[in-house]
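Reading through the structure tokens given below for one structure.
The values are calculated or read from the model by the stated rules, or taken from the named source; none is laboratory data. Remember, it's a predicted structure, so these values are computed and weren't measured experimentally. Note that each Cβ is placed from the backbone with ideal geometry, even for glycine, and that neighbours are counted across all protein chains shown.
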Amino acid sequence: MPPLLAPLLALLLALLLALCPPGRCPPAPTQPHAIRLEGDLTLGGLFPVHARGPAGVPCGPVKKEKGIHRLEAMLYALDRVNGDPRVLPNLTLGARILDTCSRDTYALEQALSFVRSLLPPEGGEGRCPDGSAPRRPPPERLVGVIGASASSVSIMVANVLRLFAIPQISYASTAPELSDPGRYEFFSRVVPPDSYQAQAMVAVVRALGWSYVSTLASEGNYGESGVEAFVQSSREAGGLCIAQSIKIPREPKPGEFAKVIGRLMETSTARGVVIFANEDDIRRVLEAATLANLSGHFSWVGSDSWGAKMAPVQGLEEAAHGAITILPKRASVPGFDEYFTSRSLENNRRNLWFHEFWEDDFNCRLPHGAPHSEPAGGPGGAVRKCTGRERIGRDSPYEQEGKVQFVIDAVLAMAHGLHSLLGEACPGGGLCAHMDPPDGRRLLTHIRRVAFNGSAGTPVSFNENGDAPGRYDIFQFQGGNGSGAYRAVGQWVQGLHLQEDAMAWGGGPNSSSSPPPSVCSLPCGPGERKKPVKGVPCCWHCELCGGYQYRADLLTCLPCAPHLRPTRNRTACRPTPVLRLRWADPCAAVPLALATLGLMATAFVLATFVRHHETPIVKASGRELSYVLLAGIALVYAITFLMVAEPGVGVCALRRLFLGMGMSLTYAALLTKTNRIYRIFEQGKRSVTPPRFISPTSQLVITFTLSGLQLVAAATWLLVRPPHALIDYEMGRTPDPEAARGVLRCDMAEGATLACLAYALLLMLTCTVYAVKARGVPETFNEAKPIGFAMYTTCVVWLAFGPIFFGAAQSAERVHVQMATLTVSMSLSASVPLGLLYAPKVYVILLHPERNQPKRPRADPPPGSRPPGGPPGPAGAPTPAASPGQTWGHSGVTRGLGSPKEPPN
């Protein structure tokens with residue numbers, strides 16, 4: 001014997017001695033409250049024949065279904081085996097059946113009788129007081145035990161039986177821990193463990209669309225291990241979270257179940273409640289929910305302890321409506337019904353508890369029998385005497401208990417294992433010497449190998465841990481208004497098959513074909529991502545994908561590509577529309593109108609000047625520079641059409657060349673004129689020699705040189721960086737993606753556009769400086785002050801241009817607004833010199849031709865004298881021309897600047 005077993009055997013011996021005090025020899029081999037059936041081999045049996053008794057009393061009232069029905073099922077199975085010549089021929093199976101009284105500690109005391117004969121007597125054989133040898137029965141060949149019912153009892157008994165290598169087969173214990181071969185190697189069962197049941201319940205919960213449930217368990221092995229298995233299976237399956245795990249104490253205090261409902265309501269969105277509890281606890285939970293007016297709030301998922309029983313739901317149909325329950329797949333055994341209903345007091349004397357069942361089932365009292373339960377009429381009520389002629393099923397209701405099939409299958413599995421073992425070890429049949437008694441370990445091996453169709457036609461087999469395969473029926477309780485029934489709605493056989501159309505939810509006007517939600521957080525809307533709550537993966541906050549993001553998956557928002565924008569519901573990206581400036585758009589129509597009018601006016605002025613080319617006013621204006629200036633003004637107006645045209649390589653190249661060219665030519669001509677006037681009068685103050693480079697040819701060379709720099713710079717830019725058109729999605733990117741547009745434009749940003757104008761603006765500023773310096777020129781010099789006014793006005797235009805151009809709101813139309821601002825500003829800056837310099841001349845030429853006549857020659861005034869209308873002029877200086885807007889002297893005009901008689905270069 002292994003040394004570790006010695007302390008345990010000593011403990012067992014002490015318990016046995018307590019049951020049989022020293023000096024008293026047992027008069028018979030049977031124990032009180034035990035059924036003994038003689039046979040060549042004996043099977044032990046453990047059944048909860050009685051309920052747990054009150055404090056100080058081990059046993060309570062008889063249990064008809066779970067106790068007597070199951071016990072009779074074992075007796076029925078033994079009769080079948082002993083009557084079948086194909087199983088264990090020449091051998092009979094006997095039995096020792098004990099009552100566990102639904103209490104694990106009491107069951108352990110009873111189970112010790114199974115191994116008592118295997119222990120050596122304390123102090124040897126001993127002697128009786130009269131000196132005779134004690135009479136001891138022949139050793140009992142206990143080969144296996146059928147039972148127990150409750151998992152807690154099976155665990156207690158299995159710990160003892162494994163020490164003596166006695167196989168045990170349970171018909172109802174489903175605790176997952178019994179599947180541990182290291183601790184319970186001799187334990188097997190014909191019902192699937194709760195780990196399978198937990199998998200089936202997880203599959204049901206997920207099929208209902210629930211992701212957040214609470215669990216409720218009765219304290220003890222069954223409830224706690226069942227919930228533990230459910231939690232473990234839910235983790236393996238994923239997508240399911242436990243809101244709360246609540247335990248119901250063994251001895252609940254008053255108000256305990258109201259507290260349970262209150263705790264469940266702390267996570268009220270977890271409307272699904274998975275319950276592993278005994279019948280009494282289930283009923284009291286439903287009562288508490290009814291009292292709290294929460295009958296329809298919770299949806300229950302009950303384990304096999306609830307099953308299809310009416311006792312827990314009777315009178316509480318509304319609170320239980322919609323409950324999903326699970327039961328190991330089972331079928332009725334027809335032969336047992338015939339057997340049990342034929343049992344009577346006369347033909348069933350082997351069941352020493354059958355008279356208690358008889359009194360309870362028929363509500364009568366047997367003569368000479370002590371009452372075993374309170375009569376239906378209550379204390380002191382009249383109770384009729386039993387006649388013995390009552391019949392089960394005729395004079396009392398009868399329905400086969402759900403575990404009868406499994407009790408019979410457990411006995412048959414033990415018998416088939418013995419048959420296989422003895423057939424291998426004793427080929428001659430019967431019980432050979434080396435198998436007397438049979439080896440428990442070898443018997444266990446053969447039990448695990450059996451495979452046959454059980455009492456109801458369902459297959460019976462065991463896996464390596466001694467567990468039966470998982471096969472479950474799924475039921476739903478559908479009831480209300482004081483009535484209800486369980487309806488089969490599916491099954492689980494290595495996978496769930498649920499008939500959702502057969503299920504009913506809600507009650508009365510709130511009835512629905514879909515289950516109520518049981519989630520921690522509602523699903524996020526379109527375009528919203530889940531932000532999980534730390535530590536609770538089934539709970540989350542919904543966050544809208546902002547800006548240009550779309551929801552890539554449930555947890556992630558990703559930005560769209562630059563050329564895309566999110567859809568309205570932000571579930572995908574779509575192309576961003578491209579904005580093209582059309583000729584009819586307001587941003588194009590207004591600048592085009594101004595440019596067209598400007599070109600028409602320029603053409604009119606040019607035609608007028610060409611037609612009156614030899615008139616004094618045209619001559620006095622400096623014809624060559626005037627034509628150049630008109631060309632520059634026309635080019636400024638014409639650039640508007642290039643700016644409005646759809647960008648392309650050619651259009652973008654022309655924009656680079658001519659955007660600043662027109663203004664450069666215009667302001668170069670004006671600068672040349674202003675500089676000429678200024679130099680003439682500054683030189684006249686110092687000497688009588690005229691300044692150099694004031695001839696028309698010189699003026700043209702200077703003008704084209706200044707404007708040529710712009711052309712050279714633009715051409716160089718074209719060569720270094722060839723132009724191209726692009727769609728700018730960033731420019732049209734607005735806070736609201738719905739307003740976003742791609743902008744078709746040239747590869748000239750705001751800075752590049754201003755760079756094209758920088759040189760022209762520099763010429764403008766320089767011209768303005770000379771206009772300020774030349775403000776003291778006599779009024780008779782008609783070009784100076786109009787040029788000054790034109791420069792001042794142009795500066796105001798461009799000062800206003802800056803805030804408008806750079807202050808345009810960020811939008812898809814920003815580039816068009818800026819284009820309109822630029823072209824309008826350029827048209828206005830071109831219109832200013834056109835209006836101030838040329839309009840008065842055209843006015844005189846066309847409306848006052850008499851003022852455009854040559855003035856008659858007159859004698860030159862003496863040197864040093866002041867000419868009329870002006871200060872003394874320097875010697876050799878040209879005679880100034882009167883301004884067309886002023887009173888013209890006499891009837892003609894004097895020879896102005898740029899007249900045919902010019903000073904030398």
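Taking segment 620-660 as the range and being closer than 29 Å to residue 697 by Cα and not in a helix (DSSP H, G or I) as the test, the residues that pass are 621, 622, 659, 660. Out of the residues in segment 721-771 meeting the condition of being at pLDDT below 80 and surrounded by fewer than 14 Cβ atoms within 10 Å (Cβ to Cβ), tell me which one is farthest from residue 569 (Cα to Cα). Among those residues, the one meeting the criterion is 751. Here the condition is being touching a residue at least 40 places away in the same chain (Cβ under 8 Å), in contact with a strand residue (DSSP E or B) (Cβ under 6 Å, 6 or more places away or on another chain) and either not basic (Lys, Arg) or not in a loop (DSSP other than H, G, I, E, B) (or both); of 157, 153, 213, it holds for 213 alone.
So that you can scan it fast, the table gives a plain yes or no per residue for (1) among the acidic types (Asp, Glu); (2) modelled with pLDDT of 90 or more; (3) more than 18 Å from residue 205 (Cβ to Cβ):
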site	(1), (2), (3)
497	no, yes, no
509	no, no, yes
513	no, no, yes
520	no, no, no
526	no, no, yes
532	no, no, yes
537	no, no, no
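Summed over segment 456-470, the residues that are surrounded by 19 or more Cβ atoms within 10 Å (Cβ to Cβ) and not hydrophobic (A, V, I, L, M, F, W, C) give a count of 3. One residue stands out in segment 206-216 among those that are surrounded by fewer than 24 Cβ atoms within 10 Å (Cβ to Cβ) and of a type outside the set (D, E, K, R): the one that is farthest from residue 104 (Cα to Cα), namely 209. Set side by side, the residues 282, 324, 275 differ, and just one is out of contact with any strand residue (DSSP E or B) (no Cβ under 6 Å at 6 or more places or on another chain), assigned by TED's automatic domain parsing to the domain that holds residue 198, surrounded by 24 or more Cβ atoms within 10 Å (Cβ to Cβ) and among the aliphatic types (A, V, I, L, M), which is 282. For residue 251, the conditions (1) among the charged types (D, E, K, R); (2) in contact with a Ser or Thr (Cβ under 8 Å, 6 or more places away or on another chain); (3) in a loop (DSSP other than H, G, I, E, B) are fulfilled apart from (2). Scanning segment 461-497 for residues that are in contact with a Lys or Arg (Cβ under 8 Å, 6 or more places away or on another chain) and basic (Lys, Arg) yields a single hit, 471. If you go through segment 207-263 and keep only what is within 18 Å of residue 323 (Cα to Cα), aromatic (Phe, Trp, Tyr) and more than 19 Å from the chain's Cα centre (by Cα), you end up with just 230. For residue 73, the conditions (1) at pLDDT 70 or above; (2) in contact with a Leu (Cβ under 6 Å, 6 or more places away or on another chain) all hold with the exception of (2).
Selection of segment 635-647 for residues being in contact (Cβ under 8 Å) with a residue 60 or more places away in the chain, more than 17 Å from residue 585 (Cα to Cα) and not β-branched (Val, Ile, Thr) yields only 637.
Would you confirm whether any residue within segment 168-177 is in contact (Cβ under 8 Å) with a residue 60 or more places away in the chain and within 27 Å of the chain's Cα centre (by Cα)? Scanning segment 168-177, I find no residue that is in contact (Cβ under 8 Å) with a residue 60 or more places away in the chain and within 27 Å of the chain's Cα centre (by Cα), so the answer is no.
Across segment 291-303, what is the number of residues that are under 18 Å from residue 205 (Cα atoms) and modelled with pLDDT of 90 or more? Summing the residues that are under 18 Å from residue 205 (Cα atoms) and modelled with pLDDT of 90 or more in segment 291-303 gives 7.
Residues are listed down the side, and each one gets a yes or a no for (1) closer than 30 Å to residue 520 by Cβ; (2) among the small types (Gly, Ala, Ser):
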site: 143; (1), (2): no, no
site: 152; (1), (2): no, yes
site: 157; (1), (2): no, no
site: 163; (1), (2): no, no
site: 192; (1), (2): no, no
site: 201; (1), (2): yes, no
site: 207; (1), (2): yes, yes
site: 214; (1), (2): yes, yes
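The set of residues from segment 62-87 being among the small types (Gly, Ala, Ser) and either under 18 Å from residue 352 (Cβ atoms) or surrounded by fewer than 18 Cβ atoms within 10 Å (Cβ to Cβ) (or both) comprises 67, 73, 83. Of the residues making up segment 313-337, those that are at pLDDT 90 or above, touching a helix residue (DSSP H, G or I) at 6+ places or on another chain (Cβ under 6 Å) and part of a loop (DSSP other than H, G, I, E, B) are 313, 316, 333.
Of everything in segment 561-612 that is small (Gly, Ala, Ser) and touching a residue at least 24 places away in the same chain (Cβ under 8 Å), the residue that is farthest from residue 844 (Cα to Cα) is 588.
Only one of the numbered conditions (1) free of Cβ contacts under 8 Å to residues at least 24 places away in the same chain; (2) basic (Lys, Arg); (3) farther than 27 Å from residue 180 by Cα is not met by residue 206, and that is (1). Could you check segment 688-704 and list, in sequence order, the residues that are β-branched (Val, Ile, Thr) and farther than 11 Å from residue 664 by Cβ? Answer for segment 688-704, where residues must be β-branched (Val, Ile, Thr) and farther than 11 Å from residue 664 by Cβ: 688, 689, 694, 697, 701, 702.
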